[in-house]
There are 2 protein chains.
Amino acid sequence: MSGPPHVRRPATLASLAAELGVSRTTVSNAYNRPDQLSAPLREKVLEAARRLGYPGPDPVARSLRTRRAGAVGLLLTEALSYAFRDPVATGFLEGLALACEQAGQGLLLVPVSPEHADVAAVHQAGVDGFVVYSVSEDDPHFRAVLERPVPTVICDQPIGVEGVDRVSVDDRDGMRALGRHLTGLGHRRIGVLCMRLGPQRQDGPASLARQQETSYPVQRERISGIRDALVEVGVDWASVPVVERFEHSPEAGASAAAELLAGHPDVTALVCTSDVIAIGALQWAAEQGIDVPGRLTVTGFDGVPEADRLGLTTVRQPVRRKGQVAGELLLERGDRNTPKYVVLPTELVVGATSGPAKKREEFFSGW
Amino acid sequence: MSGPPHVRRPATLASLAAELGVSRTTVSNAYNRPDQLSAPLREKVLEAARRLGYPGPDPVARSLRTRRAGAVGLLLTEALSYAFRDPVATGFLEGLALACEQAGQGLLLVPVSPEHADVAAVHQAGVDGFVVYSVSEDDPHFRAVLERPVPTVICDQPIGVEGVDRVSVDDRDGMRALGRHLTGLGHRRIGVLCMRLGPQRQDGPASLARQQETSYPVQRERISGIRDALVEVGVDWASVPVVERFEHSPEAGASAAAELLAGHPDVTALVCTSDVIAIGALQWAAEQGIDVPGRLTVTGFDGVPEADRLGLTTVRQPVRRKGQVAGELLLERGDRNTPKYVVLPTELVVGATSGPAKKREEFFSGW
DNA sequence: ATGAAAGCGCTAACAT
DNA sequence: ATGTTAGCGCTTTCAT
C-alpha cells in the first residue's frame, strides 16, 4: 500500500449508469435518496452493481463533492501511540469517541511522531474539524491545524488562543482544595512530583523559575494550586521540593518518589500532579515497606479508574465528559462565530492514602 | 458542522495560479515538488498563498486525484468508545498507532455504535485499508468492510475468512499451559468466569452448548484450553461451572465471582478468560476477606499492565505487537496476493495470585 | 523550468 | 420519476 495506490476501482457510478442505460443521477439516487426513484428501478440498479462488482460510491469523491469528510481529526501532544498508554488520554478519547459516534462521524488520529517532525500529516487529514488535546504552546502541528480552514476545539492546552473554542477544568482550584485537605491534616513538609515542564527532558528538581516558565499551563496551574494552600498556612514555597519527570508512567513516579524522599526524608506528604505518577509512588512506598498513610501521605490528580480501585486520595476531573464536550462543541456548532470556553468542575476525592501528619518526634521513631 | 458544510475555501490552487499569472501545475509543484521550480518562484507562490489565505492543497481533492487517503480504518466490535475502556484494546491500538505513525498514515476510527446500526459509516470512510479488531462472526459492518475494494487485516476474530490477512495468538495453547500450572498445584475444583459468548446479553451460567456455539472464537478457544488441562487429569468438564458476563469490566468480574462461589463454595481456583474480569474477582475476594491465593487462586488472561502491578497469575499475550503486526501487514504489503496468517506466542506468567489447592479438610477450616 | 489538457468519481441544481 | 449540466480542487503525463 505504500507502493502504488490500490487497484483502480472495478466499476464506477458512471460505468454502471452507462451499462444500465440510465443517468448517473439515477444511480447516485439509488444509493443516497431511495425515495427519488421507483423501488423496481432501484433494485435493478443495486442488482447490476452487485453483478459488476461496483462497491458503491467512492467516499473520497463524494467528500470532495459534498464538502464534508464525515470525520473529526484529533491532534495529540505526544506520539499517537502514547495516548493509549495514558489513562487520562484514553478517558478523554472515550468521551470524544462517544460524541463522534452519536453524530455518525469518524475520528481520525493524526500521526504525529517525534520522528516525522513534519507537519504534512495535518495537511493530509481529510476532516471537517480538529480537536487538539493538551498540546504544548509552541507545537508546530498545532499551528498547522490553525491554518486549516476548519473549526477547532482545544482541550486544556494551550491557553490564550484567541477565537478558538476550549474546554478545560480549573486545575488550580482543584489542587488548592486538595492542598487544604492536607494542611488540615497537619502536613507542612510536603514534596511535589510533577510531569514534564518543558520540551527537553529534564529529570530532577524543578527550580522556581522552571515551574513558572513551563510551556505546559496545566502543570503550572496544578503546582500553583498546591502552593496556594501551603502559603495560606505560612509555608515558604521556596523550601518545597518539586521533582520533575519527563516520562509519564508509574515507573517514573516511583523513581521520582525515591529521589524526593532521599533528598528530603522528613517529608510527610507526596503530592503528585497526576494519578499515574501517584500510582508509581504508591508502588515504590509499598516496596520500601513505607506505611501509607501512616508514615507517608500520597495524593494524585485526575481520578482515573485504577486510582479509584487503589483508594487513592486525588482530585477527580471529568475526563470523559471533557472529551464529550469537546466533540459536541465541534459537531453541534451552529453558525455561531463567538468562541465558547467551557470549564468543568473538579471534585476532591479523599481516599485511604492520606492521613494525619505525624509530629517530628513520632515520625523518626516511625521508621 | 452537522448543518451546512464548512465555509467554502477562501482560495483555491486555481485562483492562486490565476492571481499570480502562473499555471496550476506550478502552484501544485510549489507544494509537492519543490525541486521542480526555482526557489524564488516557489517563495513567490508561498508568499501569495499566505497573503490570500490559501491553506494549501485540499486534502480531499488530492486524495481523489492520487487515489490514496493516507489513512487506515479501524473497525471494532463494540461501540467505539468501549475500545478506550478496555486495556487490551488500548494495547492493541497502541501498537497499531505505532505502525501507522511510522508510515505517516492516519488512523480512522469508524463509528459503529449500537444505535447507528447502519453500515453507512463503513462506506463513508476515506481509507486505504481496514483493520478489523476482534469482531463477531456475523457482524454486518464486517461484511461491509469486505465489500470495499481495499485490503483488510483481521485481528483475532472472525476466523476462517478466506483470503484475508490475519494476526492472532494461540489462545487455547496459552490457556492450556495455565491450566496445567493449576492442576500441577493440585487444583481440581475450579470455576471459570468468561466474557460474552453471544450477541444477546446473558449473564449467568453458560451451558456446554453455549460454550461451543459461541460466535466469539477467542472465548471458545480459551475455554477449550482450560478444559484440555482439566480433562488431562481426569476432571469431568461437565461438572465445571462456567459463569458468563455480557459486560467486560472489573465490576462484571466481581459479580461473576460472587455468583460462582455462591453456587460452588468448594471451588479452589477461579480461572478468568481475561485480566479485566480477574481484577474484578480479585477485588471481590479482597472485600470478602477471602485470602488469595491461600484460600482461593485467581488467574487471568492477557497480561495487561494493571495485572502486572497486582501480581496476577495470567497468560501474557503480546497485544501491542499484535497491533503493530496488523498495521505492518496492511501498510507494507507489496503486491502479494497470497494472504498471510501470523500467530504470535503467549507466555505463562506465574504471579502471586495462584497457590496450592488446599485439601478439602484444611479448606473448610480455612473460612 | 513551466504550461496545457485531461480527468479522478461523484452530487446537486435545475429542467423535463 | 428521471436526465442534463456543471463543476468540487487537485495532480499528472506530455509538450514546450
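Averaging Cα coordinates gives a centre for region B:299-352 and one for region A:36-98; these two points are 28 Å apart.
Restriction of the GluC sites (Glu not before Pro) in region A:79-122 to DSSP coil positions whose beta-carbon has at most 15 other beta-carbons within 10 angstrom yields A:115. Using a simple spin-label model with pseudo-atoms 7 Å out from Cα toward Cβ, residue A:147 and residue B:46 lie 0.8 nm apart. Run the numbers on chain B and let me know its relative contact order in percent, using alpha-carbon pairs under 8 Å that are six or more apart. Worked out over chain B, it gives 17 percent. Where both bridge residues fall in chain A, DSSP classifies roughly 15% of the beta bridges as antiparallel. The charge dipole of chain B, taken about its Cα centre with unit charges on the Cβ of Lys, Arg, Asp and Glu (plus for the first two, minus for the last two), comes to roughly 1160 debye.
Residue-wise HN-Hα couplings along region B:65-80, as the Karplus relation 6.51 cos²θ - 1.76 cosθ + 1.60 with θ = phi - 60° gives them from phi, are 5, 7, 6, 8, 8, x, 8, 10, x, 10, 10, 10, 4, 9, 3, 3 Hz; Gly and Pro carry x.
I'd like to know which of A:153, A:100, A:350 lies farthest towards the positive end of the charge dipole of chain A, counting +1 on Cβ of Lys and Arg and -1 on Cβ of Asp and Glu. Among A:153, A:100, A:350, the one farthest towards the positive end of the dipole of chain A is A:100.
Can you pull the percent of Cα pairs in chain B with separation above 33 Å?
In whole percent, the long-distance tail amounts to 43.
Sorted shortest first, the distances from the residue B:147 label point to those of the same residue in the other copies are 4.0 nm; each point sits 7 Å from Cα along Cα-to-Cβ.
Protein heavy-atom accessible surface, 1.4 Å probe, per residue over chain B: 41 Å².
Note on chain A: dipole from Cβ charges, positive end direction compared against A:341, A:129, A:164; the farthest Cα belongs to A:129. Would you please give the FRET efficiency between residue B:207 and residue B:309, computed as 1/(1 + (r/R0)^6) with r the Cβ-Cβ distance and R0 = 30 Å, to the nearest 0.05? Rounded to the nearest 0.05, the efficiency is 0.25. Under the convention that each Lys and Arg Cβ holds +1 and each Asp and Glu Cβ holds -1, the size of the dipole of the protein assembly as shown around its Cα centre is about 1780 debye. Computed in the context of the full set of protein chains, the accessible area of the protein assembly as shown at 1.4 Å probe radius has 52% of its extent on carbon or sulfur. The amide H of residue B:244, built 1.01 Å from its N in the peptide plane, has B:194, B:204, B:206 as neighbours under 5 Å, considering only residues 5 or more places off or on other chains. Of the GluC sites (Glu not before Pro) found in region A:120-214, those that fall in a DSSP loop while having at most 15 other beta-carbon atoms within 10 Å are A:137, A:162.
For residue A:336 and residue B:66, a Förster radius of 35 Å and the Cβ-Cβ distance give a FRET efficiency of 0.50, rounded to the nearest 0.05. Mean per-residue shielding of peptide B:223-231 is 0, counting Cβ atoms of other chains within 10 Å of each Cβ.
Which shape class applies to region A:159-238: rounded if a/c is under 1.5, otherwise prolate when a/b exceeds b/c and oblate if not, where a ≥ b ≥ c are the square roots of the Cα gyration tensor eigenvalues?
Numbers: a/c = 2.52, a/b = 1.36, b/c = 1.85.
Cα axes put region A:159-238 in the oblate bin.
Multiplying each eigenvalue of the alpha-carbon gyration tensor of the protein assembly as shown by 5 and taking the square root yields semi-axes of 46, 38, 20 Å, largest first, rounded to whole angstroms.
For region A:95-236, the spread of Cα coordinates along the three principal axes comes to 55, 34, 24 Å, biggest extent given first.
Residue B:286 to residue A:19: FRET efficiency via 1/(1 + (r/R0)^6), r the Cβ-Cβ distance, R0 51 Å, to the nearest 0.05?
My answer for the efficiency is 0.15.
By definition, a body whose alpha carbon gyration tensor gives a ≥ b ≥ c is prolate when a/c is 1.5 or more and a/b is larger than b/c, and region B:9-166 fits this prolate description.
Hey, got the dipole for region B:104-210? About the Cα centre, +1 on K and R Cβ, -1 on D and E Cβ, debye to the nearest 20?
Rounded to the nearest 20 debye, it is 740 debye.
Sorted shortest first, the separations between the residue B:289 label point and its copies elsewhere in the assembly read 2.7 nm; each point sits 7 Å from Cα along the Cα-to-Cβ line. Here the 3J(HN,Hα) profile of region B:328-339, calculated from phi with Karplus coefficients 6.51, -1.76 and 1.60 at θ = phi - 60°, is 5, 4, 6, 7, 9, 5, x, 10, 5, 10, 9, x Hz, Gly and Pro shown as x. Taking a ≥ b ≥ c as the square roots of the eigenvalues of the Cα gyration tensor, region B:190-324 is classed as rounded, since a/c falls below 1.5. For the protein assembly as shown, the share of DSSP beta bridges that are antiparallel, to the nearest 5, is 15%. Of the residues A:46, A:197, A:282, the one that moves most in a GNM of chain A with alpha-carbon contacts below 10 Å is A:46. If you take the alpha carbon atoms of region B:13-57 and fit the smallest convex hull around them, that volume is 57 Å³ per residue.
Cross-link partners of residue B:358 among lysines, defined as those whose alpha carbon lies under 22 angstrom from its own and excluding same-chain residues fewer than eight positions apart, are absent.
Comment: the Cα-to-Cβ extended label point of residue B:67, at 7 Å, lies 2.9 nm from its counterparts in the other copies, nearest first. Sparse packing (at most 10 other Cβ atoms within 10 Å of the Cβ) combined with a DSSP loop state is found for the following trypsin sites (Lys or Arg not before Pro) in region A:106-215: A:201. In sequence order, region B:99-109 has phi-based couplings of 5, 5, 3, 5, 8, x, 9, x, 10, 9, 7 Hz under the Karplus curve 6.51 cos²θ - 1.76 cosθ + 1.60, θ = phi - 60°, and Gly or Pro positions carry x.
The values are calculated or read from the model by the stated rules, or taken from the named source; none is laboratory data. What you see is a predicted model, and the numbers here were worked out from it, not measured in a lab. Counting neighbours? That spans all protein chains shown, and the Cβs are built from the backbone with ideal geometry, glycine included. Accessible surface areas use protein heavy atoms only, side chains included; no ligands, DNA or RNA. Shrake-Rupley method; radii C 1.70, N 1.55, O 1.52, S 1.80 Å.
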